[in-house]
Amino acid sequence: MDVLRIKGGLPLEGRVKAAGAKNSITKLLVASLLSEKKCIFYNVPRIAEVEVTVDLCREIGAEIHWDKEAGIIETQTKELRTSYVPQRFSGSNRIPILMIGALLGRTQEDIIVPTVGGCKIGQRPIDFHIAALEKLGAVIEYRMMKKEGAYFAHAHNGLSGAIIHLPFPSVGATENTILAAARAKGTTVIKNAATEPEIIDLILFLQKMGVIIFVDVDRTIRIQETHHFNEVEHTVITDRIVSASLGMAAISTKGRVFVEGAQHLHMITFLNKLHEIGAGFEVRDNGIEFFYKGPLKGGLHIETDVHPGFMTDWQQPFVVLLTQAYGNSVIHETVYENRFGYAHALKLMGADVELFTQCLGGKECRFASRNFHHSLIVRGPTPLKGREIAIPDLRAGFAYVMAALLAPETSTIGGLQFLDRGYENIVGKLASLGADIVRDRADAHSPSLAIASAS
Ligand code: EPZ
């Protein structure tokens, strides 16, 4: 098991490139299975989530060439080898479930998909996916097999367009429905759809591939039946979570970092909150420079939301930033019910944070009075002390790295498999900005890493 050893207290300074978006390229690769034509993707990040997705698509029959240095993937699925996603992908991430939407219109065989995984930040059901796909004509059932279950899906009577009203603008359910609708008879209308930049990136790709697809102003997406596809070249949008994470690390360490590739359009609400806290940023044509420009002001109220609201994936490192701000701030997490798992370890490092089951904000929230710790108050500034911590999930992982960059003592961080899923070469990038950080084998003497998940 590898660990990170970070000795904090140094300002991050310099220039770094944010890679392509994990939550876009993984879906684009699945979408490429819709057609038998060649697709070429540029700006592909070198991360574990792409490794898993490439492995999954190859299993299905895609011929994929990935030039990791150049960040280019060429893929073509002339015919499916199988529509059975092996159990080894069970629990790996959220991608297997999207195979149903991508393959329903391409095969009459049963599509078999293992249970979905992903970060443990809530129950993460897939009821919206199932209901939408069944409305298009799919038959989906969950069957227990030897050790664990799998979804069996088919559309033997074909897929027919329908009007789908999502109960919540779910990113995954929107993607799955779009993929199935591309080959469904007639027109499909998705109401209350997610409109995250990664969804729009998928829509741009599909339009280039030959799908007739509209995005209306009221979260309505309309997709028309498509049977003739084009070859496509597509550049993946920059990862807005990584861009924001690197920006927050720069500001919290009182540094100045230019994040090449950061896209202003995708970070509007994030930049507004940086403005509120008294941090600096300068938008340029090819990226955004983030910098510390004086004592950070607390007193913020942040309610996470679906796009274009404040993204749930930004709140973990932002809380670390707020531990360095003067004053008390409130965070109300309305997208996931259990996304403050990292707060326990932050407290052990000296942060003054308190969790609440109440909704500390006026936004409509599905977790009201359901006893989930989904609101937090953070009081600052507090010095953070280095310690040994284990990462509970991907985005919390970067929050710990940020906290360790602030602690003058050495911190040892375990659970790097989470970080590797979504942050390309994070050690190299932070070291290039002046961080004292190394990736090391966990020596046998180090006491067991403290479990960071909340009690
Ligand atoms: C995607 O997850 C991202 N993951 C998440 O990023 C991101 O936080 C999330 O969208 C919200 O933006 C990927 O794209 C791989 P949802 P997804 O469906 O699609 C509930 C990261 O670190 N829900 O929009 O799983 C669900 O429980 C990850 O990169 C249902 O109840 O998110 C949650 O409360 C973390 N039933 C809410 O909706 C369903 O059928 C949002 O989920 C589907 C979702």
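Charge dipole of segment 22-235 (Cα centre as origin; +1 on each Lys and Arg Cβ, -1 on each Asp and Glu Cβ, all else neutral): 380 debye, rounded to the nearest 20.
Could you list the residues of segment 10-43 with an amide nitrogen less than 18 Å from a label point located 7 Å from the Cα of Asp67 in the Cα-to-C-beta direction? Output list for this probe position: 20, 38-43.
Comparing Thr323, Ile302, Ser243 along the charge dipole axis of the chain, the residue lying farthest to the positive side is Thr323, per the Cβ-charge model.
Only one residue of Leu136, Val16, Thr253 has its Cα farthest out toward the positive end of the dipole of the chain, where Lys and Arg carry +1 and Asp and Glu -1 on Cβ, and that residue is Thr253. For Glu233, the residues 5 or more places off, or on other chains, whose built amide H falls under 5 Å of its own are Ile40. Among the lysines of segment 22-235, pairs at least eight places apart or on separate chains and with Cα atoms under 17 Å apart come to 10. In sequence order, segment 416-431 has phi-based couplings of 5, 4, 5, 4, 5, 5, x, 10, 5, 6, 4, 5, x, 5, 5, 5 Hz under the Karplus curve 6.51 cos²θ - 1.76 cosθ + 1.60, θ = phi - 60°, and Gly or Pro positions carry x. Values of log10 I(q)/I(0) for the chain across q = 0.07, 0.08, 0.10, 0.13 Å⁻¹ run -0.35, -0.46, -0.72, -1.19, by the Debye formula with one identical scatterer at each alpha carbon and no solvent.
With a Förster radius of 41 Å applied to the beta-carbon distance between Leu265 and Arg441, the computed FRET efficiency rounds to 0.45. Simple spin-label estimate for Glu409 and Ala431 gives 2.5 nm between the two label positions (7 Å along the Cα-to-Cβ direction from each Cα).
Annotation: Cα Rg of segment 22-235 relative to the compact-globule expectation 2.2 N^0.38 Å equals 0.93.
The separation of segment 395-428 from segment 320-356, counted between C-alpha centres, amounts to 17 Å. Shape class of segment 1-131 from the alpha-carbon gyration tensor: oblate, with a/c at 1.5 or above and b/c at least as large as a/b.
For Glu51 and Phe356, compute 0.36 nm times the residue count separating them, minus their Cα-Cα distance, and round to one decimal in nm. Show your work: numbers first, answer last.
Numbers: separation 305, 0.36 × 305 = 109.80 nm, distance 3.75 nm.
Working it through step by step, the gained length comes to 106.0 nm.
By the helix-only formula, in which each DSSP H run with n ≥ 4 contributes -39500 (n - 2.57) and the sum is divided by residues, the chain has a 222 nm mean residue ellipticity of -8000 deg cm²/dmol. Each label point was placed 7 Å from the Cα along the Cα-to-Cβ direction; for Arg366 and Val215 their separation is 2.2 nm. Taking the DSSP beta bridges in segment 291-380 as the whole, what percent of them are antiparallel, to the nearest 5? Of those bridges, close to 70 percent are antiparallel.
For the pair Glu74 and His156, how long in nm is the line joining their label points, each one 7 Å along Cα→Cβ? Label at Glu74, label at His156, 4.0 nm between them. Once the C-beta distance of Asn230 and Ala131 is scaled by a Förster radius of 30 Å, the resulting FRET efficiency is 0.45 to the nearest 0.05. Residues whose amide H comes within less than 5 Å of that of Glu303, counting only those at least five positions distant or on another chain, are His332 (H built at 1.01 Å from N in the peptide plane).
Quick check on segment 22-235: of the DSSP beta bridges with both residues there, what percent are antiparallel, nearest 5%?
Antiparallel bridges make up about 75 percent of those DSSP assigns within segment 22-235.
Within the chain, which is the longest segment containing none of the GluC sites (Glu not before Pro) that sit in a DSSP loop and have at most 16 other Cβ atoms within 10 Å?
Of all site-free stretches, the longest is 232-363.
If R0 equals 25 Å, the separation of the Cβ atoms of Ile163 and Glu141 corresponds to a calculated FRET efficiency of about 0.55. DSSP beta bridges fully contained in the chain are about 70 percent antiparallel.
No value in this document is a laboratory result; all are computed from the given coordinates. This structure is a prediction, so every number in the text was calculated from the model and none was measured. Neighbour counts run over all protein chains shown; Cβ positions are idealised from the backbone, glycine included.
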